[in-house]
Structures are given as structure tokens and as C-alpha cells.
Amino acid sequence: MTLSKNTWPSLPLSEWKDTYETLHRLTQIAGKIRIALEPLVNHWWNSTLYINSRGLTTSAMSYENIQFQIDFDFIDHFFIIQTSEGITRKIPLEPRPIAEMYKDIMYNLSDINIYVPLWTTPVEVSDRTPFEEDYKHASYDRKYVTHLWQILSQSSRILTEFRSRFIGKVSPVHFFWGAFDLAVTRFSGRSAPSHAGAPGLAKFVAIEAYSHEVSSCGFWPGGGDIDNPIYYSYTYPEPEGFKEFSIKPEEAYYDKRMGEFMLPYEVVRKAENPDKILLDFLESTYIAAATTANWDRNALERKPGIS
């Protein structure tokens with residue numbers, strides 16, 4: 001399949017909502033396999049997926065004495081299992097119920113002697129039907145999955161540039177399958193008050209995720225009250241004056257419902273220079289967090305001109 005040359009394609013939520021809900025659950029199956037096998041790394045970094053040259057990957061995971069990984073190929077549209085013993089299994093990504101896909105995935109794993117018991121209830125979604133019982137979610141529109149992948153790829157590139165400007169503790173650019181967002185997070189180095197939890201997120205998960213002060217940003221396709229894709233930026237704990245801070249570009253705004261600054265994806269997509277618009281948003285919202293929370297910026301930021 002040849003990708004469109006439009007590297008910032010449209011992704012209206014209303015046109016791919018059913019596919020989004022199905023794909024969300026498929027990424028959770030892969031993510032739950034990873035979290036079941038990998039040791040805990042601070043802030044649940046052991047659970048995430050990563051951008052690669054064709055889609056998303058778990059990266060290498062250990063099972064007994066072998067390594068294997070799971071990839072989502074969003075160009076040719078396959079769910080791929082590969083092992084260090086040279087075994088490859090491909091399951092087509094196509095309109096099929098989650099229950100059937102889950103059964104197929106687990107069969108292929110067991111057939112190559114990988115047995116991973118999973119908690120099969122999806123998280124951070126309103127319909128929490130277990131994977132093996134879910135015959136409702138069965139959509140897969142290649143066009144919009146490819147559009148999503150192109151946006152994730154471009155966003156990852158810019159987030160990686162933004163990440164490089166920080167020399168303090170900073171997360172990878174990674175994909176959280178719970179919320180279905182691509183994110184990178186900077187840390188002040190100070191601990192944070194115990195998080196109270198969030199809707200659809202277990203309190204113990206939130207406490208680990210937000211154990212230290214953060215400024216976090218990323219891309220989210222939308223959902224719930226947010227009806228189209230957005231870039232977001234927030235800080236925890238939120239300091240006084242953060243939401244009133246002047247940020248760029250002028251189309252960005254503070255959403256009181258979500259407690260985040262937001263920039264509609266359409267603004268970036270239609271900009272003459274999408275890279276600059278997005279970097280302006282990421283930098284200005286980080287400055288808002290670091291300034292109002294009194295971070296030690298001299299110690300945490302890479303000086304201009306130093307590579």
C-alpha cells in the first residue's frame with residue numbers, strides 16, 4: 001500500500017468512531033500482554049506501545065528464554081507476532097469482532113508456546129465488555145487507521161524534537177493504550193501529592209503515574225466531550241496561575257473540563273508551518289508549567305546551540 005503524500009491528513013472523529021473504538025481495544029490486548037510480562041518501570045512506562053516505521057510496537061518482551069514482540073502494521077494492516085526463534089505470525093486487521101480477534105491472537109501465541117493469562121476487561125472506556133465476549137466492536141476502516149498512523153508518525157517526530165530540549169528526567173515518546181494517546185512527559189524532580197484518581201482509571205494506577213511533578217503533552221484523537229483530535233498539555237499538580245498563562249498559538253485554549261491546554265489538530269494540519277505551530281504550543285505550555293510551579297529551569301533545560 002502506498003501512503004498519501006498528505007502527511008497531516010484529516011481525522012474527523014464522527015467518520016471513524018466505530019473503527020476507533022475497535023482499534024482502541026485491539027491496542028489494549030497488545031498492551032495488556034506487555035504489562036503482564038514486563039517488570040514495573042516508574043509511571044507504568046513498562047506498559048506502553050511505541051511508534052515504529054509502520055505503526056505501533058510493544059518492542060521486545062521476554063517470555064521464559066525467548067524474546068518476542070507484537071506490531072501493528074498500519075500500512076499493510078496486520079497484527080504481527082515475531083519471536084527471536086524466527087517465528088512470524090500475521091493476523092489481518094480487518095472488520096472482525098473483538099472476541100474473534102482476541103481468540104485468534106491468544107491461539108497464535110499459545111501455538112508457539114507463549115501463554116499469557118490476561119485480565120480481559122478493557123480500561124478507560126465506557127463499554128467494558130471483556131474481550132472474549134465483545135461482538136459489538138467489529139469495525140476497521142483502513143483509510144482512517146492509515147490517517148491516524150500518519151498523524152502519530154508526524155506527532156512523534158515533533159514530540160521527539162521537543163523531548164531533546166530537556167536534560168532532566170523525561171519519558172520516552174510513547175503511546176498509552178488506556179487513554180489512546182501519544183505522550184511525552186517532563187519531570188521537575190520533586191515528588192507530588194498523592195493523586196485522587198480519575199474516571200475510568202484505578203486510583204493505584206494514577207498514584208504511580210503521578211508520583212512526581214510533571215508537565216505532560218501529546219496527541220489524542222478525541223472522545224467523550226472532545227469531538228475531534230487535539231494536542232494537549234497539562235501539569236500535575238496544577239499550580240496557581242497556570243491556566244491564565246499566555247501561550248501560543250492564539251488558537252490554543254485552556255479547557256476547564258479536562259484541566260488542560262488544548263490545540264485543535266486542524267489548526268496544526270492547516271498551518272503553513274505545522275512543525276512550528278506545534279512546537280510553539282509545546283514550548284509555551286511547558287514554560288507556563290515550569291514558571292508557575294517554579295521549576296529549576298537552568299538545571300533542567302538544554303542550552304540553545306548545544307547538541
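The values are calculated or read from the model by the stated rules, or taken from the named source; none is laboratory data. Not measured: the values here are computed from a predicted model. With ideal geometry, Cβ positions are generated from the backbone for all residues, glycine too; neighbour counts draw on all protein chains shown.
Values as computed for the structure displayed
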item	result
Residue 29 being within 28 Å of residue 227 (Cα to Cα), more than 16 Å from the chain's Cα centre (by Cα), among the hydrophobic types (A, V, I, L, M, F, W, C) and buried (at least 17 other Cβ atoms within 10 Å of the Cβ)	no
Out of 17, 5, 32, sole residue that is at pLDDT below 95 and among the charged types (D, E, K, R)	5
Count - residues of segment 246-263 that are closer than 23 Å to residue 273 by Cβ and either touching a residue at least 24 places away in the same chain (Cβ under 8 Å) or not aromatic (Phe, Trp, Tyr) (or both)	10
Odd one out for residue 155 among (1) in the same structural domain as residue 229 (by TED's automatic domain parsing); (2) surrounded by fewer than 18 Cβ atoms within 10 Å (Cβ to Cβ); (3) among the polar types (S, T, N, Q)	(2)
Filtered residues of segment 184-201 (kept if within 18 Å of the chain's Cα centre (by Cα), closer than 20 Å to residue 41 by Cβ and either surrounded by fewer than 20 Cβ atoms within 10 Å (Cβ to Cβ) or of a type in the set (Lys, Arg) (or both))	186, 201
Cβ pairs under 6 Å, 6+ apart, first in segment 38-52 and outside the structural domain of residue 71 (by TED's automatic domain parsing), second buried (at least 20 other Cβ atoms within 10 Å of the Cβ)	none
Complete set of residues in segment 214-250 that are among the acidic types (Asp, Glu) and at pLDDT below 95	225, 227
Helices (runs of 4 or more DSSP H) lying entirely in segment 209-307 (those with 3 or more residues that are within 23 Å of the chain's Cα centre (by Cα))	265-269, 274-292
Subset of segment 5-26 that is of a type in the set (Lys, Arg) and over 16 Å from the mean Cα position of the chain (by Cα) - its residue that is surrounded by the fewest Cβ atoms within 10 Å (Cβ to Cβ)	5
Looking only at segment 60-94, and only at residues there that are outside any strand (DSSP E or B) and free of Cβ contacts under 8 Å to residues at least 60 places away in the same chain, the one that is surrounded by the most Cβ atoms within 10 Å (Cβ to Cβ)	87
Residues of segment 186-208 satisfying the condition of being of a type in the set (Gly, Ala, Ser), assigned to a strand (DSSP E or B) and without any contact (Cβ under 8 Å) to a residue 40 or more places away in the chain	191, 198
Criterion violated by residue 148 - all others in (1) over 28 Å from residue 217 (Cβ atoms); (2) surrounded by 21 or more Cβ atoms within 10 Å (Cβ to Cβ); (3) of a type outside the set (Phe, Trp, Tyr) satisfied	(1)
Tally of residues being more than 15 Å from residue 177 (Cβ to Cβ) and either surrounded by 21 or more Cβ atoms within 10 Å (Cβ to Cβ) or among the polar types (S, T, N, Q) (or both) across segment 102-144	8
